Structure formats: structure tokens, C-alpha cells
1. Considering only the stretch B:55-72, state which residues are in a helix (DSSP H, G or I) and either polar (S, T, N, Q) or at the interface with chain A (Cβ under 7 Å from one of its Cβ atoms) (or both).
2. Checking the conditions here, which among A:Ile459, A:Ile448 is buried (at least 20 other Cβ atoms within 10 Å of the Cβ), away from chain B (no Cβ under 11 Å) and within 30 Å of B:Val341 (Cβ to Cβ)?
3. Select from the stretch B:20-33 the residues that are open to solvent by 10 Å² or more (accessible area, probe 1.4 Å) and either closer than 13 Å to B:Val117 by Cβ or in a helix (DSSP H, G or I) (or both) and list them in ascending order.
4. If we keep just the residues of the stretch A:234-260 that are without any contact (Cβ under 8 Å) to a residue 40 or more places away in the chain and in a strand (DSSP E or B), which is nearest to A:Gly273 (Cα to Cα)?
5. Restricting the search to the stretch B:311-349, which residues are part of a helix (DSSP H, G or I) and closer than 30 Å to B:Ala204 by Cα?
6. Do we find that A:Glu361 is open to solvent by less than 10 Å² (accessible area, probe 1.4 Å), over 28 Å from B:Gly352 (Cα atoms), among the acidic types (Asp, Glu) and more than 7 Å from chain B (Cβ to nearest Cβ) in this structure?
7. Any residue in the stretch A:108-129 that is of a type in the set (Ser, Thr, Tyr) and assigned to a strand (DSSP E or B)?
8. Within the stretch A:475-542, which strands (runs of 3 or more DSSP E) (wholly inside it) include 1 or more residues that are small (Gly, Ala, Ser)?
There are 2 protein chains.
Amino acid sequence: MSSHVVIIGAVALGPKAACRFKRLMPESRVTLVDQAEQVSYGGCGIPFYVSGEISRVEDLRSTPYGALRDEGFFRDAKGVELRTKTRALRIDRARKTVLLEDLRNGKQEELSYDQLVLATGSRPNIPPLPGVTLRGIGPATNLEEAEAIRNAVSEGKAESAVVLGGGFIGLEMAVALAELWGIPVTVLEMADQLLPGFLSPTLARMAARDMEEGGVTIRTGIKVLSFEGENGAVRQVLTDAGAIPSDLVVLATGIRPETALAKEAGLSLTEKGLILVDEELRSSDPDIYAGGDCVAIPHQVTGKPFWLPLGSQANRQGRVIGGNLAGRHETFPGAVGSWGVKLFGQSAAGAGLTLSAALAEGLDAVSVHVEQVDRAHFYPEHAMMALELVVERGTRRLLGIQGMAASGDALVGRVNAVTPLLAARGTAHDLSTLEVVYSPPFASAMDIVNLLGNVAENILEGRCRTMDPLECEALWDARENGTVCFLDTRVKGQAEKHPALGDAHWLAIPQDELAARIAEVPTDKDLVLICNTGLRAYEAQLSLNAHARPRNRTVSGGLAALGRMGIQLCDSGEPEEE
Amino acid sequence: MSSHVVIIGAVALGPKAACRFKRLMPESRVTLVDQAEQVSYGGCGIPFYVSGEISRVEDLRSTPYGALRDEGFFRDAKGVELRTKTRALRIDRARKTVLLEDLRNGKQEELSYDQLVLATGSRPNIPPLPGVTLRGIGPATNLEEAEAIRNAVSEGKAESAVVLGGGFIGLEMAVALAELWGIPVTVLEMADQLLPGFLSPTLARMAARDMEEGGVTIRTGIKVLSFEGENGAVRQVLTDAGAIPSDLVVLATGIRPETALAKEAGLSLTEKGLILVDEELRSSDPDIYAGGDCVAIPHQVTGKPFWLPLGSQANRQGRVIGGNLAGRHETFPGAVGSWGVKLFGQSAAGAGLTLSAALAEGLDAVSVHVEQVDRAHFYPEHAMMALELVVERGTRRLLGIQGMAASGDALVGRVNAVTPLLAARGTAHDLSTLEVVYSPPFASAMDIVNLLGNVAENILEGRCRTMDPLECEALWDARENGTVCFLDTRVKGQAEKHPALGDAHWLAIPQDELAARIAEVPTDKDLVLICNTGLRAYEAQLSLNAHARPRNRTVSGGLAALGRMGIQLCDSGEPEEE
């Protein structure tokens, strides 16, 4: 079967599908078109190019062995005809042709196809604000934009920067500008937390603290009204909370799928305007495949179509499309939506649903927060890791996991270990007995993922009653009101009388002395049980329950979680695990 | 339901089961007995104590918040009665009693139980060699032995050490002695490779190279005959390949399950002497549970009972037993046998079957070796990772994965991501589309685990014909014989004429020039296709096939794999990925 495959879009999915298909069907013809001049690049590397960690923009377009992926490369190494600066104007499905325009000279040409691939990707959201077209304001989604930003900072033209949007790209750009170039950076996020939709408010607080410790100013719940400039260049950002001077504004306000061509061709789209594809990534036209940033794929937790515009998805889907172009009938299973982002000292990662996303889906969900070291506590180099599990109450089905840790590799490894369980409708018990590699330099004998399953079971069965660290903060802020008493259950030598609070509000009784000293514990107050990470407090809770002091709750993640959020009740102790 | 639970063995599983049960049934009585004085320790931390990275032996017995897990701790914090230096002599199942002996005074006592837990663990294999009882020779499986070794080295009494056994513990001990104390160390392994049963010969060569680069002498395929000493202390190790001077000999010759008590009590054992348990970890006596190093658990790949003596298994099984003692009917699913070990610059890890283990099981298995960087190649800090997949031919079922990398966390994360697929009988295609967290600091857009699935499919479908790097070495060693020609397919500027070999044995044609220069490629020779990691060579292979040069095979992992094994054909290039 020799045939002509035309692929529209040559960033990630397009080239992958093209090359895979050519390897399977060497005698076929493949034409790859893209409206940009620079194609086949690692767009996710843009923040690292802006930071200077990647020295040349060509590095993002090169293979690991240094070959630039240009027209000659695709022709000689891959047997694929690449046409850059060529825009696809219209698809004629009946005649199976695509109308192309050469942007260099305006010439139009009709190209016929046997099979077509839409890899049209996405484009940045540009907020329709007054002044948004001023010089110095722009997104960072392609190589040209990235070069403009890097040139501005490397030539000293930017004295301070504002990043609009506290999602992945916004935070990566903020880190790039602040860490490597030392520019004062402010991140403005409309939602009341960073990484909305990806982290719980608690973990987002930890992320914000890490950003702030890196020198970035974080402003959440803030609305940008307009931009003001001088001589056509931006000078300040006006918000509902005042003006912020800035001569560089990065628009990291999200992206939207590029599906105009598909829509005009009459292909089926979802309500949100994504191209609908079947499990072989075929659109509603059997001769047209689509994948990457412009399609909807099945969410393996909700079962519904969703949008996951990531380079990794584009690559994996591109390979499947390449196979199916050759008649293989390969299937793409969908995804649970895993993600990761490196901040300053911390990285964040997750997969599946957050608690609020699960509740919005109508699921009876609860979240479980634990803190534990990322490897054996006795192994010299270790650091705390925070993990949050979202789990359905009745079925105990795992719905999502999110986390924050100093070692991104260690965190990502945990998220990846849990991802197959999310896809397979695993339960808290499955997590409790999940096998992960054990050796002291890499994991605890009872690893944090197992602990997460254990604690989830304890909570779901009502044995452990916890509160979120944010609720603890609220109670702490109202600590003088008399209805609450904090009980410090850490071991002897750590549990201490509070320097500023009397016994009515703060009691220090090590957990192993609790049974003997039960008379000291008030019966008329709600007890907030504090320890380093929550485990001592859980043991104390069981003891209090047994001694008729049932009005008690532990603080999830204990002082470790509070500390990482910047909430200081007392001197923090050592990490805890068992 | 109040009851008396007696647990024999207090290292890992015993304490875990005891504490879990007590939390569920606070009113019950638990007695935990152990013949040693020092109990409840992280035995896997012993090499790190010997190295000095862990300063005090107590650190291995302490909770992360610094509480020593002694009798007082178990009594006050856990409500568990711990009896150390107490040996269980006999179980009377009919009367439900255990006969105990206090090793401090020889007093015997009969203790009745409602439910019993056997957590008797394992003991070291002591090879029955002449001289093995000399001073300075011993295993490193408990804290007393660990202290003896560390004292010998810290007091300068050991000028050179020999480690018998090239398994995990042997290698960890060798690293501890060589890296931290600078003692000349020789590892002697009877098998002809390190980590036999856990790594392929190829990966084991990489492990050996890393050990040697760390200064450790590796001798495989060597048999120890006896030990010779002076004044009762060891002075040299006699082998079938000569004498090796040494005043410290660590016996890392494996362990065996401690099941004498179970056997004498008439409990069912496997052929290999492991206690048989059901999925609730109950022995053939419904009132006796067993877990940890003394039991057989189901292997999730072979379906057969197997032995996985790891602290992590003991902890996870201990929690299940604790729940079942309280009447919960929790199940333990078995394991695929994941493991990890940190060497010097490299770490090794794996899960499931090696190729030779799979073949020994009668499976029609093949192995697939890939090399790729451990994160985006354009991200500044990256390193090569080697992964090997074992897969069944017909079904394409995943049977095992093993690897070697500089970042242990990154490697372990990949193994953990694949472990659930092994347990769930996933296929190469599942691996090809496996979702793993993507962000340039943590992964490639087409991550190495996906690449592994892709290459496996190409090999299983006959599109890619490879040879193992060890076979390439053999052909290289016979390179002058004329039947083989090496073809360097790297990009222009990397592919080079060989300084020592003529065109008859070494041709340099960049892959993208191959079609144009096909006339230079001989038709009468077997071609060995070389590139940096194997991907260029695969493209060259497709091109050669299309041009009537079918006598060709690529080298799995390319120059990167060869280089990591210490095999140098020519100057190595840069990492490769696509």
C-alpha cells in the first residue's frame, strides 16, 4: 500500500507520526507542513532556553546527537518532505485535498492526500486587555517569542518582570527570569492559589512559599485591568490591587486548541472545541487522524473526554497515529493527566483529580495528606516529601495524587508508581500493598506511597479524624477564643509548653505519657493534636478515644506540613515515619 | 474480642504487625519476643552504618524522631510487651502455647496464645569452608556483626578486605568499605557475573565497571577454597585462582529462611523450606500467621510461590497480618520482586524476571536493551540510563525490567512505573503508551520507558534485528576475520573512518547519506550497525533492507552501552534520543 500522507503541524506529533509511518511504509510519500519557520522543537524547553540553561535556540530543534531538524534533515534522514512557512487554509474532504499557502510568496497550491493528520496544536490565550499589544508583552509559546524575551533580559532591557498566570509555564518562566537573570519577578494569578486545578490549596501554599523563598513575588486572587506604556513599550501593569511597574510581561494565561481547520472541515468537535477522536485517534472522517494539543482523549478516572496538551502526549499519540496510517489499528488508552513542574528548591507533580475536581465531578471524595522523608530516614541524604491522595469514600477508589518535594525525581517516581493504579481503578488497599523498589538510598521500608494508602484506610474507616493544615491555621489564628486546645504529642524533649500560650490553649504531653497523664487533658475543649508529621498524633488520638476524650482531631502532615506552608506554631522537630 | 497475640521475631514484620494490631484492638494483649538483644532495626541500613554514613548503631533502631525502639518504647508508646534475649523453643499447636527460654538466665516459660505470628526471618549462609571461624570473618546481617566490622575498620585493624558474594549486600558492603574507609576491597563471586539472577550479563558488566571505577577489585567465576590465619585471625583467602591477602572477610553469601520452629510444629512448608501462607498470610494452622523472610509469596509474573526477603515486604506484610489478627481479612497480593542497589556512580534496579530466569521458566522470552538520557536531552543536567526489558514473544507480555543509571531516583522511578504493568500482565504496547510525568527536568517527551516499549515492538515484529553488546564485543574481538564489517551510521562529523581498521572491516556512512552511498556497502558481509545508542542504526537497517543489504544487525544500546561496559570500538559520541 503506497499512499500520500499529509500532516498539518510539525512541532511534536506531526514529525513523530511522519517518521513512524515512513519507517513502517518506506515506499510511501509523506508531506509535513507548518506555518512557522522553526519547527520540530521541544516547546517545553522554552523556559530553560529563556533562563540561559539551554544556550542556543537551535538546541531545542536538534536531535540529541546535534542534528538540526530542518528540511534537509527530514528529507535525508527521514524521507519526509517538510514545508515550513506553509499554511493549510482549507480541507476539502470530498476531494481529499488541502489548500496550502506559501507564506513567503503568497502562492497557493492544492495538495491531495490519501490520509491526513491534523497536528495543529494550540495557541496562547491573549487576554483582551487594553495595552496588551505594547512592546515587551507577549506569550512564550514558540521559539520566536522565546528569543524575544531572552534577548530583552540578556541585553539588560528588562529591569523587572511580571508573569501573568500561575500555572506551569508561568511558574517555570518566573523561575527562569528570577533564578538565572536575577530580575525582580511578580507572578499574578487570578485564582486564589497557584497551579489552580492541579494542586490543593494546601500544596499550593507550599508552592507559593518555595517561589517566594526563590525571590519571586506571588500575588493570587488579583485581576489585571490594563497595561500602560511609554513610547509603545510596557511600563506598568494595572490591577485591581494597584499598579505594578514592569518592562517585561510574560503572558502565561493558558493556551487554547487550534481547531479552526477541523471545524471548518466539518469534523466532530467536543463542546469545548476539541477534535473528537476514537481510540485509534481517528477523527469523524476515517481518512483524517488527529492528536496532540487539538484533540480530546479519554480521562481514565472520570471516563470523560478531556484535554491534556503536553509534548509527551503528542509524542505517544504521534507514534500510534503513525502506526495506524500504516493500517495497524493501534489504540491509545487515554490518560489520567499526570504532570510535573520544577520550582526553586521544590518540585510539584501529580496525576488524576484534585479533591475539588473530584467533588465537581460529583464524586464523594476525600483527600489525605501525609508527610514523610523521601528515602530511609536513617540514610544521610533525605528530605521531606508531601503527598496528597484523593480517594472515593465508599469504593475507596483512588482518584488522584499530588505532591511536593525537594527531589523531583523521587516525587515523580512516586506519582508514576501510582498512575497505573489510577488508570486501573485501584483502591487504597492496593496502594497500601503497592510494591515499590526498596533500598535505603531510594525509599523507606514502609514507603510514603504505602503510608498514604494506610492513612487513607484509617481515615475512610473513621479511625483517624484529621484536619487540613489550612484549618489548623484558622484555628491557630483564633487560638485565644477558648474552645480549642492544641495538644503537642511529640516525644519527650520535643513536646514543649508553648512560650506564648497558657495550658488552657496549649498542652504538651508526649504520646507515650498520655495514658498516665490523661487527667491533664480537658474534656470540654476540641483538641488539635500536633506532632511532627501526624503519626504520633494518630496514636495519641487512639489513646484519647479510649480515655473518653473523643473531641480530638489530628493535623494532617503535622508541623512538617505547616512549616512548609510557612505556618509556625512552635519550634519544629525532626521528620517522622514508622 | 480481647485476645493474646504472641509474635516471634521483632526486627521488621513482628513490630509492624504488633503495633497495627494494637491500634485496631487497643484492649488486646501483645507479646513480642526475640532472641537478640537489639531488635526493631533497619537491617538494610547496615552497610551505611559500616560506611560511617550512619554514625551510631542506635540510629538504625530509632524512630525518625529519635526515640530508641526498646522495651520501654514498645510498652509506653505502643502498649506492646517486648521480651528481648528470649528464644522460642517450641510451639504446641494443640494447647496453643509457645515454650520460651530467657537467654539471660536459662529460665523456661510456657506462654499461651490465642493467635501466633511467626516472624522468624532469616539467617546468613555460612559457607562450610576450612578456616571460616577465624577472627575477622563473618556476615553482616545483624547489628552486633555490623559493629564488629565497623570497629575493625575504624580502629585501623583491616588493611584489606575481601567480600564473598557479589549480590546486593556484598556490593553495598564493598562500596561502604572502599568509598568511606579507603580500604582495598576485593569482591569474589562464584557466578560469572555480579548480581546473578538480578541482572543480565550485559548490565552486570556495567555494574562491574562502576565497581572497578570506584576502586573495588571484582573477581567473578572464582571459587573460595579456604581461609588461612595467624593467631586465630584471618590473613588470606585461598581460591581456585590463587591466594588473596585479607584481614577482614565479609560473608555476603546469601541468607536462608529461619523456619525450624515452623517445621517442627508441623506447618506446611514449600519444597525450598519456606512457610506456606494463604493470601491472608495465614499458615496451614488458622491461628498462626507468618510473613517476611520466612515465607513464600506469589510471584505475580510466574504465578508460583517465591522468596522475597526484603524489609519493605516485611513491613507491608506485617501491616496486613496486624489487620487480620484483628479479624479484617486483608489480602496480600504477592510481588514481582522489585529491587535496587546503589553502587558508586551508578545504581541498579529491576523488577520481574531476567531473561535467563524467564527462559528457565520455559517462557519464549526475548530481551530488549535501550540507552537514553534520563530526562530531556536539552535539559542541562542529564545522564544516560540503560534499561532492559524482558518480554514474551507471542503474547508480548512484559516479564521483567532491569536497569542501570547515574540517578538512582530516576531509575527507581522508571522501574516503579513499570511494576504495576508486570503485575497486571501488561504488554509492550502498554509500555509504549504508558503515561509518565513529563517535564524536561524529569523525563523526555518520548520517555525511555516508552522507547523501551517501542523498540520491543519493533524487535518482536521482526522489523529491528539487534545483537547484544556482548555479542558485538565477540565480533569485535574477531574483527580481522573478514566475515563482518562494522558500519558507523552516526551523523556527519561523528561517523568516522576507523584509525586502525580498513574499509573492509569498518565503514563510516552517516545514516542520512546511506541511500545515496549504498554502492559502498558490501553485499557479502554481515554488517554490524553502530551508532550512539542504536536509533540511527535502526534507521540505517531499514534503509539497508530496502536496498538489498539484508545481512545486518544493530547493536542494542550502541556505543553508549559498549562504553558503559568498558568496550571501546572508537570515539564515543553524544547521547541519542528521538
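The values are calculated or read from the model by the stated rules, or taken from the named source; none is laboratory data. Just so you know, these numbers come straight off a predicted model, no measurement behind them. Heads up, the Cβs are rebuilt from the backbone with ideal geometry, glycines too, and the neighbour counts pull from every protein chain shown. For accessibility, only protein heavy atoms count, side chains too; no ligands or nucleic acids. Shrake-Rupley method; radii C 1.70, N 1.55, O 1.52, S 1.80 Å.
1. Within the stretch B:55-72, the first condition is being in a helix (DSSP H, G or I), and the residues that meet it are B:57-61, B:71-72.
Within the stretch B:55-72, B:Asp59, B:Leu60 meet the criteria.
2. Being buried (at least 20 other Cβ atoms within 10 Å of the Cβ), away from chain B (no Cβ under 11 Å) and within 30 Å of B:Val341 (Cβ to Cβ) holds for just one of A:Ile459, A:Ile448, which is A:Ile448.
3. B:Lys22, B:Arg23, B:Leu24
4. So, considering only residues that are without any contact (Cβ under 8 Å) to a residue 40 or more places away in the chain and in a strand (DSSP E or B), the one nearest to A:Gly273 (Cα to Cα) is A:Leu238.
5. Keep residues of the stretch B:311-349 that are part of a helix (DSSP H, G or I), which gives B:311-325.
Residues satisfying the conditions are B:Gly311, B:Ser312, B:Gln313, B:Ala314, B:Asn315, B:Arg316.
6. On the way: open to solvent by less than 10 Å² (accessible area, probe 1.4 Å): no; over 28 Å from B:Gly352 (Cα atoms): yes; among the acidic types (Asp, Glu): yes; more than 7 Å from chain B (Cβ to nearest Cβ): yes.
No.
7. Looking for residues that are of a type in the set (Ser, Thr, Tyr) and assigned to a strand (DSSP E or B), one finds at least one in the stretch A:108-129, hence yes.
8. Strands (runs of 3 or more DSSP E) meeting the threshold: A:506-508.
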